[in-house]
1. Can you list residues from other chains, or at least 5 along the same chain, whose modelled amide H is less than 5 Å from the amide H of M310?
2. What is the set of long-range amide H partners of C161 at a cut-off below 5 Å, with H atoms built 1.01 Å from backbone N?
3. Provide the per-residue ³J(HN,Hα) series for the range 102-109, in order, calculated from phi with Karplus coefficients 6.51, -1.76, 1.60 and θ = phi - 60°, each as a whole number of Hz, with x at glycine and proline positions.
4. Sort 299-307, 123-131, 366-374 by the packing proxy (mean of other Cβ within 10 Å over each peptide's residues), most packed first.
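Every number in this text was worked out from the coordinates using simple rules, so none of it is lab data. Since we're looking at a predicted model, the values are computed, not measured. Using ideal geometry, Cβ is built from the backbone for each residue, glycine included, and neighbour counts are taken over all protein chains shown.
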Amino acid sequence: MKEKYIVRQPIKDANSQILGYEILYYGENQAYGTEGGTNEFAAADTVYNFLLQNVERTLKGQVHFMTFTTNLLMRKAPRLFEKESLVIQIDDSVIIHPLAMKFVQQFAKEGYKIAVNEFRFSPRYMGLMGEIDYIKLNFSNTSEQSLRHIIEMAHSMNKQCIATDVADAEAYDLAVSTGVDAMEGPYVAQKLATKAHASGYLQSNFFRLMVAVVQEEPDMEEIEQIIAMDATLTYGLLRVANTAYFSTSRVTSIRQALVTLGIAQLKQWIYLLSASNAEHEIDPGSEEFLKLSFMRGSFCSELMRYAKDMPISRSDAYLMGMFSTLDYLIAAPMEDILESVPVAEEIKAALLRHEGRCGALYDLVVSYERADWKKINQYAEQLGIATNLLTSVYFTCTEEVNAIWNQLMGMEKA
C-alpha cells in the first residue's frame with residue numbers, strides 16, 4: 001500500500017499575509033494531477049475516496065486551491081466542497097480534453113473560482129479567459145521576460161497572478177518585482193516575519209490567562225492549557241521559574257513552572273507582563289508564527305504516540321515544536337534563546353543542528369509542512385512511524401489548532 005498524504009501550503013502576498021492555501025496530494029501514481037490511462041483512473045479513485053472520507057477536515061477557514069484531473073471533474077468532485085472555500089485548479093491535460101472543459105465551464109457558471117496551472121498565452125488558453133480567475137506561473141522554469149509579459153497582459157484582463165515554485169530569495173524578489181498578486185513555494189512557506197516583538201504574545205490569550213488566575217479557585221489545568229497555546233508565554237514562564245529566586249533545580253515543563261511559582265507569584269508575573277505589554281500589538285507576521293509554533297507543538301506531541309525509542313516525553317516534544325519559531329518572535333539568535341531556558345539537550349541538538357531522533361521528529365514535522373514527500377518517508381521510516389497515520393494526525397492537529405485559534409481571534413476582536 002502506497003503512502004497517501006494531504007498537505008496545506010500557504011499562498012501569501014508580498015506582505016506575508018496568507019490569502020489562501022494550496023492543497024497538495026501525494027498518493028497513488030505520485031500525484032493526483034497525473035493523467036495516464038488506467039493509472040489516472042486509479043489515482044482518481046484514491047483521491048476521490050480520500051476526499052470523500054475527509055471532506056470535513058480538508059478545507060477549513062480560508063480559500064483553498066486544489067488541482068482536479070479530468071476524472072475527478074467528471075465525478076463532480078468539486079461539489080464535495082463549498083464554492084466559497086474552493087478554487088478549482090486545472091492543467092494542460094484538462095484544457096485539451098473537450099469533455100472536461102465542459103465541466104469546468106459548468107463549475108464556473110455555478111460560482112466556483114477557476115485557476116490554471118503553468119499558464120501560457122496560446123490559443124487554447126486564450127479561449128478560457130472568460131472562466132479563469134487566477135493564472136499560476138512557475139517561476140522556476142519560465143524566463144523573466146515571459147513572466148513580465150504574461151503578468152502585464154493578465155492584469156489588463158483583471159486576472160490575478162500567482163507565482164508558484166518560489167524556492168529561494170532570488171525567485172521571491174523576482175516575483176515581488178513583477179507585481180504578482182500572491183506567491184507560493186518552499187521559500188514562501190518559511191519566509192521570516194518582517195518584525196518581531198520580545199513581548200509578542202496574543203492579547204486575547206493573555207486576557208484569558210488574566211481571567212483564569214484571578215478566579216477565587218484558579219483551575220491550574222486551564223491555566224496550563226492557556227499558556228501552552230502561546231510560545232512566547234511558555235518561554236517567559238520557564239525563564240521566570242528557572243531564576244535562582246524561585247528554583248534551585250531545573251524546571252522543564254509548564255506544569256513544573258506553575259507549581260514552582262505558585263498562584264500568588266504567577267499573578268504578579270502576569271500583572272508585570274500586562275504593564276510592560278500595554279502599548280504593544282502583534283504584527284501579522286508574528287501572529288502567523290505564533291500559530292505555526294502552536295501547530296508544530298501539537299504535531300510533534302501527537303507524533304510521539306507512534307515514534308519509537310524517543311529520548312524525550314510528549315511535553316518535551318510539544319516544547320520543541322513551540323520553541324522552533326522563537327527566533328522569529330524574539331529578536332535573538334536561537335542559541336541564546338535556548339541557553340536561557342533549561343530544555344533537554346536533545347531538543348537543543350534538534351533545533352540547532354537537526355541531530356538525533358528528536359531532530360528527525362522535528363524535521364519530519366517541517367518536511368510535512370513543506371510537502372517534501374521524499375523526506376517525509378525518510379524521517380517517518382527512521383522514527384518507526386507508519387506513514388498511513390501521518391495525514392490523519394496532521395489534520396487532527398490542524399482542526400484542534402484552528403478551533404482554538406478561531407476562538408482566540410474572536411476574543412481579540414470582541
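1. none
2. Sorted by chain and number, the residues that satisfy this are I135, D181, A182.
3. Here the 3J(HN,Hα) series is 5, 5, 4, 4, 5, 4, 5, 5 Hz.
4. Details: 299-307: 21.1, 123-131: 13.1, 366-374: 17.9.
So the order, starting with the most tightly packed, is 299-307, 366-374, 123-131.
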